[in-house]
1. Looking at (1) at pLDDT below 85; (2) surrounded by 10 or more Cβ atoms within 10 Å (Cβ to Cβ); (3) in a loop (DSSP other than H, G, I, E, B); (4) not basic (K, R), can you tell me which one H45 breaks?
2. Would you say L65 is at pLDDT below 90 and loosely packed, with under 10 Cβ neighbours inside 10 Å?
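The values are calculated or read from the model by the stated rules, or taken from the named source; none is laboratory data. Computed from a predicted model, the values in this text were never measured in an experiment. Methodologically, a virtual Cβ is constructed for each residue, glycine included, from the backbone with ideal geometry; neighbour enumeration extends over all protein chains shown.
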Amino acid sequence: MAILLDPFMPGFTRKVLDLMNMKMVQSPLADTVQKGFVFHVPEGHKIKKPVPLFRKITDDEVNDLRAKHAGSQLDREQRANIKFPLDLRCGVITKVEDHPTV
C-alpha cells in the first residue's frame, strides 16, 4: 500500500518503509510495477517497533479545517478577498480555415 501511495503521500511511504526496516529505492512504484506488483519481505526480516503513522486530529482542528475549506472555491476567494488569476474558458471548434494572409 505504501508503495502505491508514494506518488500522493511520499512521507507516508518513507515512514512505512522505515518501520519495516527497509530501504527506499529510487522509484519504488516503477520497480514494483516491473516486478508485477510482487513485493517480497525476506524470511526472518525484523521490523521496528510499530508506532502510529498518523496523529489524531482534535475536534477543534476539524472545525478549523472545515471553516477554512468549506464552501466553493469562489466562496473561499471572496472570504479571503483574493481573485484567482487564471481565467479558463471552453469553446467548440466548428470550422477551420487557412489564414487569408498565408
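1. Condition (1) is where H45 drops out.
2. On the way: at pLDDT below 90: yes; loosely packed, with under 10 Cβ neighbours inside 10 Å: no.
So L65 does not fit the description; no.
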